[in-house]
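Just so you know, all these numbers are worked out from the coordinates, no wet-lab data involved. The structure displayed is predicted, hence computed values, not measured ones. Backbone-built Cβ (ideal geometry, glycine too); neighbour counts: all protein chains shown.
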Amino acid sequence: MDFWHRARSLAEEAAKRSKELSIGPSTFSDLVSETAKRSQEIVAEASKRAEQIKRLAEEISASSALAVIESPVGVQEKDLEEFGITEELREFVKEITVSTFQDFPLDDDTQISDVPTVSNVRQDLTEWQEKHANLVLLTVKEISKLRYDLCPRVMKERKFWRVYFILVNSHVAA
C-alpha cells in the first residue's frame, strides 16, 4: 500500500511540474514578443556601433593617407619638395619597371668599388642625390622594391642610381 501511495504522490508531483513547465498560448506569445523586441534592440545597437566603427575607419584612413603624403616616416612636405619628390615624380617612378632598368643602354663601367654604402644608398652620389634617393625610397614603395629586386643580383647599386637619375632628370632639378 505504501508503494502505491508513493507512486501516486510522485505522479501528482510530476503532473504539477509538467503544468509549470508547459507554456500556454499567452505565455508563448509573450515570450515571442519579448524575444522579437530584444532582437530589435540588439540590431539597433549593432547598427549604431557599426556606424561608429565605419566613421572611425574613415577617419583613420583619411589621416593615414595624409600622413603618407605629408610626412612619410617623419619627413616634412617641405623636405620632399626641396628634394624634388613631387606627386608627378611619384607617379612617374611608379611606372618604371625592372625591364626599364635592365634594357637601359648604360654599361656598368665600374670595377669592384671601395665606395662605402653607409646608409640606404651609396655614398658616391652627391649630397642632394643621396637625400633624394633616401626620400624616394621612403615614399615610393615601388622603387624600393625595384632596387631590392635588381641590386646586386642584376646590376650594381651605382648603375641603378645612375639609370634612375637619368630617367627622372626631366622631373627633378638637382
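Which residues' amide hydrogens lie under 5 Å from the amide hydrogen of Val140, considering only partners 5 or more residues apart or on another chain, with H built in the peptide plane?
Amide H to amide H, under 5 Å and 5 or more residues apart or across chains, Val140 pairs with nothing.
In segment 130-174, which trypsin sites (Lys or Arg not before Pro) are in a loop and have at most 13 other Cβ atoms within 10 Å, using DSSP for the loop call?
Arg153
List, in order, the whole-Hz ³J(HN,Hα) value for each residue of segment 142-159 obtained from phi through the Karplus relation with A = 6.51, B = -1.76, C = 1.60 and θ = phi - 60°; use x for Gly and Pro.
5, 6, 4, 5, 4, 4, 5, 5, 8, 9, x, 4, 9, 8, 6, 4, 4, 5
Take Leu167 and Val32, extend 7 Å from each Cα along the Cα→Cβ direction, and tell me the distance between the two endpoints in nm.
The modelled label-to-label distance comes out at 6.9 nm.
Tell me, what ³J(HN,Hα) does each residue in segment 89-106 have, in order and in whole Hz, if you take phi through Karplus 6.51 cos²θ - 1.76 cosθ + 1.60 with θ = phi - 60° and put x for Gly and Pro?
Per-residue couplings from phi come out as 5, 4, 5, 5, 5, 4, 8, 6, 10, 4, 5, 4, 6, 5, 8, 5, x, 9 Hz.
Excluding Lys131 itself, calculate the net charge of residues whose Cβ lies under 12 Å from the Cβ of Lys131, where each Lys or Arg counts +1 and each Asp or Glu counts -1.
Local charge sum for Lys131: -4.
Please list 3J(HN,Hα) in residue order for segment 45-55, calculated via the Karplus relation 6.51 cos²θ - 1.76 cosθ + 1.60 where θ = phi - 60°; whole Hz, with x for glycine and proline.
Working through the residues one at a time gives 5, 5, 4, 4, 5, 4, 5, 5, 5, 4, 4 Hz.
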